[in-house]
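What follows draws every value from the coordinates through simple rules; no lab data is involved. This structure is a prediction, so every number in the text was calculated from the model and none was measured. Heads up, the Cβs are rebuilt from the backbone with ideal geometry, glycines too, and the neighbour counts pull from every protein chain shown.
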Amino acid sequence: MPIHIHILNSYKTSKHMALEELVGSASLEILDLVLKKVSAGENVISLAIGEPVFDTPKEINDAAIDGINSGMTHYISSYGSPEFREAVVSKVRRKNNIKCYSDNTIFISSKMSIYASFVAIYSARDDEVLVPNPGYFYAEPAILAGLTPVSYHLNSDYSLNIDLIREKISKKTKAIVINTPANPTGRIYSERDLKELYSLCLERKIKILSDEAYEDLVYEKKHFSIASLESEPNIVISIFTLSKSYSMTGWRAGYIVAEKKFIDRLAKFMEHAFTCFPPFIQHASAVALTKCDRQVQEFKKAFTERRDYAVKRLNEIPQFTVNNVEGAFYIFPKYSLNISSRKLCDKILNEKNVAILPGNAFGTLGEGHVRFSYSGSMDTLEEGMDRIAEFFKSL
């Protein structure tokens, strides 16, 4: 079965675009294919989905159960619980050097927070938001919010090119999206480039939407939050999640740190779209942020071992040129075959029952690449790499 691909320029950007005109998530479509094959009795290895294999730490689970048993099962403020918001303030001051107060925070899952932020940013038809190419799937939620996504190209090593970003800025530009550590490339943006981007956006009065979902999965370098450049929240909208760091993907737990008036706009979105997230999940999330740093470091150590193994195996395949992986849990190698990334992934899935994602799912500059995730077990990774090596050896 073919995989739907996000190609930014193919969209007719309109505030009233029908959902039928949007493509689905490549990751979730692959997951559906894998589940169908597994239900049919096939032995499928998935190196496609960015989901930690580890169980959520017991301390977090216990906190959620305690919260339920103590009555945390009713409506709560759309902003989030005071306990969680204070935990966020403590965490971002300590780990991200972001200077803020609880009024600058809101509990919201990171995927919803991208869309909600675009809704809050939108002010008029034809407003634009700049999104990275290659990059995560930011164009679709931007379109749903009524914005026009405009892609900016990354350098060949996937670092930021401030000159190319500057060329893409117009009078209609409302925000620029950055993602560091980056999906799908594993790249960490330099502090120098982030400072230059911040100065540019401050001068032009443009918001920066900083997706820092993989902030804790940084290997040799150090994560730098662009909001740390501000004396108080101003133009930066920092998006965080507990999904990757704490292996909590199913909890839908995350938060935004931004200026108070922007947080107030997000709360209006929450009030009319979702009311609130479950208070027992917020209680457990507060425990995660305040008491589970040790588990995060254990997960990071395991991912480091998997990264080193996967990079070594892929470097042994002549058809691949493997990129430098600095963070997250993805590898985005370039291949030398004369075949589209979608067809290559279909072929590998059909012939070897290994699922990976096509590079052009992440933008036009992703063509000629594929994305591997090493977030699963080491046994799964080893078996998957064995099958991949067999596939390319047989060509």
Worksheet item: Which length gain, in nm to one decimal place, applies between N350 and D32 when the Cα-Cα distance is subtracted from 0.36 nm times their residue separation?
Response: 113.0 nm
Worksheet item: What stretch of the chain, leaving out the sites themselves, is the longest with no trypsin sites (Lys or Arg not before Pro) in a DSSP loop having at most 11 other Cβ atoms within 10 Å?
Response: 223-395
Worksheet item: Can you pick out the pairs among K312/K343; K95/K260; K99/K291; K99/K334 whose Cα atoms lie more than 31 Å from each other?
Response: K99/K334
Worksheet item: Taking Rh as the Kirkwood radius computed over C-alpha pairs, what is the Stokes-Einstein D of region 58-291 at 20 °C in a medium of viscosity 1.002 mPa s, expressed in µm² per second?
Response: 120 µm²/s
Worksheet entry | region 58-291 - percent relative contact order, Cα under 8 Å, separation 6 or more | 32 percent
Practice prompt. Please work out the C-alpha center-to-center distance from region 319-360 to region 30-51 and express it in whole Å.
Written response: 16 Å
Worksheet entry | Structure-based [θ]222 nm, the chain - -39500 (n - 2.57) summed over DSSP H runs of at least 4, per residue, nearest 500 | -12000 deg cm²/dmol
Worksheet item: Taking Cα pairs under 8 Å and at least six residues apart, what relative contact order does region 227-326 come out at, in percent?
Response: 19 percent
Practice prompt. Just need the Rg to Rh number for region 146-229, please, alpha carbons only, Kirkwood Rh.
Written response: 0.94
Worksheet item: Relative to the present Cα-Cα distance, how much length would full extension add between K168 and D55 at 0.36 nm per residue of separation?
Response: 36.4 nm
Worksheet item: Of L217, L147, how do they rank once you tally other Cβ atoms within 10 Å and put the fewest first?
Response: L217, L147
Item to complete: Can you grab the distance from the C-alpha centre of region 227-290 to the C-alpha centre of region 91-159, Å, no decimals?
Response: 13 Å
Discussion item. From Cα pairs below 8 angstrom and at least 6 apart in sequence, can you work out the relative contact order of the chain, rounded to a whole percent?
Written reply: 25 percent
Fill in: Using a Förster distance of 56 Å, the FRET efficiency for A40-S231 (Cβ separation, nearest 0.05)
0.45
Item to complete: Just the ratio, please: alpha-carbon radius of gyration of the chain over 2.2 N^0.38 Å, N its number of residues.
Response: 0.96
Discussion item. Using 0.36 nm times the number of residues separating R192 and S90, minus their current alpha carbon distance, what extension gain do you get?
Written reply: 34.1 nm
